[in-house]
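Where a number appears in this text, it was derived from the coordinates with a stated rule and is not lab data. Predicted model only: the values in this text are computed from it and were never measured. As a convention, Cβ positions derive from the backbone with ideal geometry for all residues, glycine included, and neighbour counts pool all protein chains shown.
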Amino acid sequence: MKALRYLLVKEYKQMFRNYLLPFFFVVLPFAMVNVVPRIATQEIKNLNLAIIDCDHSTLSARLMQKVSASEYFNLFAVCDNYNQAYDLLQRGDVDFIITIENEFERNLYRTGGAEVMVTVNAVNGMKGGLGNGYLTQIVMQYAGELSAENGTSVKHPVSVEPRYLFNPGIDYKPYMIPALMSMTLVLLVGFLPALNVVGEKERGTIEQINVTPVGRIEFILSKMIPYWTVGLFIVAFSMILAWKIHGVVPAGSIPLIFLFNIVYIFVISSLGLTVSNYSENMRQAAIVMFFFVVIFVLTSGLISPLSSMPDWAQEATRLNPLRYIIAAMRDIYLKGSTFPQLISQFIPLCIYGIVAGVWAVVSFQKNS
Amino acid sequence: MSIISVRNISKAYNKGKTVALQDVSFNVEPGEIFGIIGPDGSGKTSLFRILTTLILADSGSAVVDGYDVVKDYKCIRQHIGYMPGRFSLYQDMTVEENLSFFATVFNTSIEENYHLIEDIYRQIEPFKKRKAGKLSGGMKQKLALSCALIHAPHVLFLDEPTTGVDPVSRKEFWEMLQKLKRNFHLSIVVSTPYMDEATQCDCIALIQNGRFLTIDSPQGIIDDYTETLWAVRSDRMHKLLTDLRDIKGIKSAFAFGEEHHVTVDASVITMEALTQVLQEEGHQDIHVEKVKPSIEDCFMNLQKG
């Protein structure tokens, strides 16, 4: 094990001599924590709207005003007929058409009810669904206001007041940022080890190492430890960025976050090294690693919630180490979960770590 | 006792389709420079990789420095120095860093074995802060040799150390090897595609298509040469070669520098007769003389048979 020290010195020297790598260790977390949460948001704003007002009454004008005053909608056009509005929708200029029927005001006063038609462009399902929800809310609110003003007995029996736990503002950022940190780690400490051993194979330097008495455990450890330290630096750096830029701080314990990440970085850097050991050249390693990263990210619950996946897919995601770390990171950040509560995420991660670590050492062949 | 003893080594790749080595056996004595000489693709590197414990032979056995290459590969790695054909030091580390890295992984230090590399390393010491990747070819090679020597190995394996090196550096390199042999009684196994380097070795093996054609001292190989060898020149060298091959009594003809070397059946054709035949073919300035065989002539001759 004496040689490990010298191997490590060599690895660190090479890592920091490669001017691009240290640059990425800083820039990538910055981009992931600062920029991505702003653009990868699931909040829908600025929906474009066309209104066909067939009534031209005071009440219809008030409805129009109310809708366009909402922060979610932009009133794009007021049309005279449906065909004109439909053209706009087909061109993609507007996402919604509201049709206020003829005699809207009269019907409302006379019968106590009137109809508003909402046409939704559902090409983007999420946009359509959420927008429809917002729009219905606004119209219902308006109906409520009207009945209150007139003292009429329009039914207004129950009002639902939702309270969102753990993330009262349903702010997207505290939800995404912890998960994005884990994704940054896959990109850096998963990908880079995958290119490392195979890089030595390509440059031929492994030949010279192989005829030395350096053991394979030492060799693999010398490849892993640098990424461990870099990974933990990235976690710390990302947490500081999240706090300074977005004011997102973990509700739970910071040492717990590091405990999880220590195991997690071990898992993914071992996977990366295993891929590297089996690859003959950098291209192979990169494409295999890319495959894993894409699959891991898409099935990790980062974007689509695990609970909405089909059962077989949910079972399959148990093989995804990213799933456990993302769940744990979100629980620690939002709910302030403690270690006993997260044991069901911790144990699979540890098992994964043991398997991947042993595999990385065993698959490294000093001779063939 | 021999420092390397190889018995019936065979190795094939692609599930037996590409044969690299067939039934190779030889011994290397301590303090000897043993040259393995043969063209590209003849199996030289495969043999080196088996002896340096990087690959396993399909059959046969080999003992290096008293250790079996399969069972005791860990011990062998302590006591051999290997310089692969391709420059394989860390190009992003400096000369000094490479040297001290390889010293430390062998659990020694530059100072401890400096006497071994002194002559060689002194020449690159002025550039010790330079990255290995930025060195010239000759300097890279000196650094690689220093790194292979820094742990005081008992046997040095050099795979085509002079390939791609200019003639002056090649000569220098061989002088370094001779010095190592003389001063430290080091055993050296070296491969090369250059026949003219053969005379630098104490013992050479000519290898082709994975087989050893012969193993002997360079003089021994030349002494074994029984053919009559002539050097032929004329004003039209290219035509001369094809013409020579058609003449009765000429067993083989091949280009050799500025001349063509031909082996002849002296009972069928004489020098005068050959000159006359060539004149009839339209050659002028014909020059035929008897020459002493070189290693290359021996190789060409052995290769036919």
*Would you grab the residues whose amide H sits under 5 Å from the one on B:Leu156? Only those 5+ places off in sequence or on another chain, please, with H modelled 1.01 Å from N.*
B:Gly81, B:Ser187, B:Ile188, B:Val189
*Among the listed pairs A:Lys201/B:Lys142; A:Lys45/A:Lys244; B:Lys17/B:Lys140; B:Lys17/B:Lys131; A:Lys13/B:Lys15, give every one whose C-alpha distance is greater than 32 Å.*
B:Lys17/B:Lys140; B:Lys17/B:Lys131; A:Lys13/B:Lys15
*asked:* Please report the antiparallel percentage of the DSSP beta bridges confined to the protein assembly as shown, to the nearest 5.
replied: 60
*On a C-alpha basis, how far is the centre of segment A:271-324 from the centre of segment B:69-138 in Å? Whole number, if you could?*
40
*Can you pull out the chymotrypsin sites (Phe, Trp or Tyr not before Pro) in segment A:10-68 that DSSP calls coil and that have at most 14 other Cβ atoms within 10 Å?*
A:Tyr19
*List the GluC sites (Glu not before Pro) in segment A:3-96 that DSSP assigns to loop (not H, G, I, E or B) and whose Cβ has at most 10 other Cβ atoms within 10 Å. Which are they?*
A:Glu43, A:Glu71
*By count of other Cβ within 10 Å, fewest leading, how are A:Thr317, B:Thr18 ordered?*
B:Thr18, A:Thr317
*Could you tell me which helices of chain A pass both thresholds, a Cα extent of 27 Å or more along their own axis and a mean Kyte-Doolittle hydropathy of at least -1.0, with helices taken as whole DSSP H runs?*
A:125-150, A:216-246, A:254-278, A:343-362
*Between segment B:174-225 and segment B:253-293, what is the C-alpha centre distance in whole Å?*
30
*Quick one: B:Thr242, A:Thr212, fewest Cβ neighbours within 10 Å first, how do they rank?*
B:Thr242, A:Thr212
*Sort B:Val28, A:Val26, A:Val139 so the one with the fewest other Cβ atoms within 10 Å of its own Cβ comes first.*
A:Val26, A:Val139, B:Val28
_With only alpha-carbon pairs counted, each pair once and no self-pairs, how large is the Kirkwood hydrodynamic radius of segment B:4-222 in angstroms?_
17.7
*Within straight cross-link reach of B:Lys71, meaning Cα distance under 16 Å, which lysines are found once same-chain residues fewer than 8 apart are removed?*
A:Lys366
*Would you mind checking which residues have amide H under 5 Å from B:Thr94's amide H? H placed 1.01 Å from N; only 5 or more apart, or other chain.*
B:Ala132
_Averaged across B:48-56, how many Cβ atoms of other chains sit within 10 Å of each residue's Cβ atom?_
3
*Before rounding to the nearest 500, sum -39500 (n - 2.57) across all DSSP H runs of length at least 4 in chain A and divide by the residue total; then give [θ] at 222 nm in deg cm²/dmol.*
-20000 deg cm²/dmol
*What is chain A's relative contact order, in percent, from Cα pairs under 8 angstrom and six or more apart in sequence?*
19
*How high is the relative contact order of chain B, given as a whole-number percent (alpha carbon pairs under 8 Å, six or more residues apart)?*
20
*Just flag the trypsin sites (Lys or Arg not before Pro) in segment B:120-206 sitting in loop per DSSP whose Cβ has no more than 15 other Cβ atoms within 10 Å.*
B:Lys128, B:Lys129, B:Arg130
_If amide hydrogens are placed 1.01 Å from N in the peptide plane, which non-local residues have theirs closer than 5 Å to the one on A:Cys79?_
A:Ile51, A:Ile52, A:Asp53
*Of the cross-linked pairs B:Lys239/B:Lys290; B:Lys134/B:Lys179; A:Lys223/B:Lys11; A:Lys10/B:Lys44, which ones have a Cα-Cα span greater than 25 Å in the structure shown?*
B:Lys134/B:Lys179; A:Lys223/B:Lys11; A:Lys10/B:Lys44
